[in-house]
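What follows is calculated from the coordinates using simple rules that are stated; it is not laboratory data. Please read all numbers here as calculations on a predicted model, not as lab measurements. All Cβ positions, even for glycine, are placed from backbone atoms using ideal geometry, and neighbour counts span all protein chains on display.
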Amino acid sequence: MKLRPITSVAKKLGLTAADLELYGTTKAKIATHVADRVKDRPPGKLVIVTAITPTPAGEGKTTISIGLSMALWKLGKTSCLALREPSLGPLFGLKGGATGGGKATVQPAEDINLHFTGDLHAVTSAQNLLASLLDNHIFNGNALGIDPASIQSRRALDICDRSLRNILIQEKTGHRYTLFELTAACEIMATLVFAKNLADAKERLGRIVVGFTHDGKPVTATDLKAVGALTAIVRDALKPNLVQTAEGTPAIIHLGPFANVASGCNSLAATRLARQLAEFTITEGGFASDLGFEKFCDLICRAGGFAPDAAVVVATVRALKYHGGMPLKELGPKNLDAVTRGFENLRKHIENIQAFGLPCIVALNHFVTDHKQELALVQKLCAEAGATCVFADVWAKGGRGGTALAEAVIKATSQPNKFKQLYEAGASIPDKIAAVARAMYGADDITLMPAAQEKVARLESLGLDKLPVCIAKSHLSLSDNAKLLNRPRGFTVTIRDLRLMAGAGYIVCYAGDIMTMPGLPKVPAAERAAVADDGTLTGLMPV
C-alpha cells in the first residue's frame, strides 16, 4: 500500500505543514496552536461507534469505524476519524493488531501498533516516575506522613505480565505489597485523556491522589513536587497524532485507556479538535455499549460539554449465534433459532443507546459465512426494536462497502438530539453505580463489599464523592460474570472496591474479579511475529 505524504492528508482538514510536527513522512503530531485557531468554528456531527457484547475474537468495531469515515468522504462529506492508540499488551497477547483490517485500516499500521510517536512510552515513564518519587519520599523520612497501607499509585508496563500482579517492596520501616498495571489501565493515562490543554494537564496531574496520611488526608502529586517532571515527560504526548486511512482520509489517533477498567475512548482533546476540523467525527468506545459507550457519554461528554449526534452498534451474525448458544468453533452453519435467541443481546445494546436519547443504527459487519436468511432476520428484528440495520462490507470493499451505512448515519444525525446522561454527578456513589448497572447491564441491584463501603465513607467524608463513576467489569458479559452470555436477567452486580482517580475526575468501581494487569494467553500473538531480513514485519498486522 502506497501511503500519501501526511502533509497531503492534512490539507483535507485545512491544515498546513506549519500546523504539523512531522514524525517521518506518514505521521505527525498536530501543533498546539491549531486547537486555539479553530476553537470558535461550529463543531461537526459526532458519531460514537460501539458494539454488542463481543466474542473473544471481536466483531470488527474499529474496522467499521474506519470504513464509515472513508465512506462519508465518498458521499462528499468531510470526516475525521478519532481513535485510541493501540497498546502493546493486546498486540502481543490475544488480539494482535488494532488498526482495522482488510481494506479498512489506518496506516502506517506497523508504526501505530508498535511505538508510534512514543505517547504510551511517555505515559509509562511518567507513571513509574510518580511511583518512584513516592517511594523515595517514604524512604527518606516520609515528611508528609503517608500511610504506606493507603498508597494507590502503582507502576505501569505496556506488556501483559501476570507475574507483576503482586510484588513486594522493601522499606526501612517494613514492606508492602503492590502491583503493576498495564499502561492503558494506569492513572496517568486516565488523567491525560481528560486534559483539554497543557495548563489543564498540569492541574489534573497535580491533583492525582497518591495515598493518604495516617489521619486520612489525601496526599497529591503536587505535595510530592512531582508535577513539573511529570509534565515534562508527557508534554509532547498531549498533542494528537495525525495519520491516514487506507484510502488516504484523515485519522487522529491519540491515547488509549482500556474500556473494561477506564474510559475506553481516545482523548477528549482529540475528539474536540476533530469536531472543529470536519463535518463528521467518527469515534469509538471500547468493547460494547455497557462499557466504552456508556463511559463516553457519562464521562467524556460530561467533561467536554458536548453530546453525540448518533450511535452505531456493530454486530455480527456469528456473535448472535454465539450468544444464542452455539459453540464458538461451530458458528458457520445456518441457524435461525440461534440468531433469534442471540438477538436478545443486541436488543439490550439497542436499548442502551436509546436510554441516552440517541438515534441508533446497527451496522451488521458482513462475513462470507453469513446466510441471506440470517441477515434478513436480523434486519427484521432490528426494525422491531426501533433501530435501523445496515449491512457493511468495508473489510472487503473499503469505503465503497460502507456507503449505505454512511447514508444512514447522515440521516440519523439530522434528527433532533435528545441526549441525556444516566445520573447527576452529585448523586450518592451507590446511586450512581446502581443507575448504570440497572440501565446498561439490566441488573436488579448492586452490592457493595466491605472494602467498597469503607472507600465510599472515606470519599464522602472528604467531599470527593461528587464525581461520576467508571465501572470496571468484564467485557465478555453484560453482567459482572464473564460466563453469563446473551442477556442475563435476575442478577446483582457486586462492587468489591473503589479507587479515586482525582486527576481524571472520576471514581473507579471494581465489579467482579476484573484485573488491571492481564496475563498472556497460552498461545500469545507474540509467537506469530516475524521480521524478514529486509525489515518486513509479519504475523501481527492486519491482513
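Take the cross-link list Lys74/Lys420; Lys196/Lys295; Lys12/Lys239; Lys45/Lys473; Lys397/Lys473 and give me the ones stretching past 27 Å between alpha-carbons. Over 27 Å Cα-Cα: Lys74/Lys420; Lys45/Lys473; Lys397/Lys473.
Spin-label model, Glu384/Ala149: points 7 Å from Cα along the beta carbon direction are separated by 5.7 nm.
A simple packing score, the average count of other Cβ atoms within 10 Å per residue, orders the peptides 329-336, 514-521 as 514-521, 329-336, with the highest score first. If I fit a long axis through the Cα atoms of helix 450-462 and take the longest principal axis of the Cα atoms of the chain, what angle between them do I get, 0 to 90°, rounded to 10? Approximately 70 degrees, to the nearest ten. Using only alpha carbons, the chain has a radius of gyration to Kirkwood radius ratio (Rg to Rh) of 0.95.
Normalised by 2.2 N^0.38 Å, where N is the number of residues, the alpha-carbon radius of gyration of the range 336-394 equals 1.10. Anisotropy class assigned to the range 235-294 is prolate, per the alpha carbon gyration tensor with a/c at or over the 1.5 cut-off and a/b larger than b/c.
The range 197-238 and the range 1-43 have Cα centres spaced 30 Å apart. For Lys202, Lys172, the sequence from fewest to most other C-beta atoms within 10 Å is Lys172, Lys202. Global dimensions of the range 429-511 from alpha-carbon coordinates: Rg and Dmax equal 12.7, 40 Å.
Only the Cβ atoms of Lys and Arg (+1) and of Asp and Glu (-1) were treated as charged; on that basis the dipole of the range 119-235 about its Cα centre amounts to roughly 60 debye.
Listed values for the range 368-380 are Karplus-derived 3J(HN,Hα) couplings in whole Hz (6.51 cos²θ - 1.76 cosθ + 1.60, θ = phi - 60°), namely 5, 7, 5, 9, 4, 5, 5, 4, 5, 5, 4, 4, 5, and x replaces Gly and Pro. Partnerless cysteines in the chain, where a partner means another cysteine C-beta under 4.7 angstrom, comprise Cys80, Cys160, Cys186, Cys265, Cys297, Cys301, Cys360, Cys470, Cys509.
Normalised Debye scattering of the range 119-235 at q = 0.18, 0.19 Å⁻¹ gives log10 I(q)/I(0) of -0.92, -1.01, counting only Cα atoms as equal scatterers and leaving out solvent.
Given the range 289-422 reduced to its alpha-carbon atoms as identical point scatterers, what log10 I(q)/I(0) does the Debye formula return at q = 0.10, 0.16 Å⁻¹? Once normalised to I(0) and log-transformed, intensities are -0.34, -0.84.
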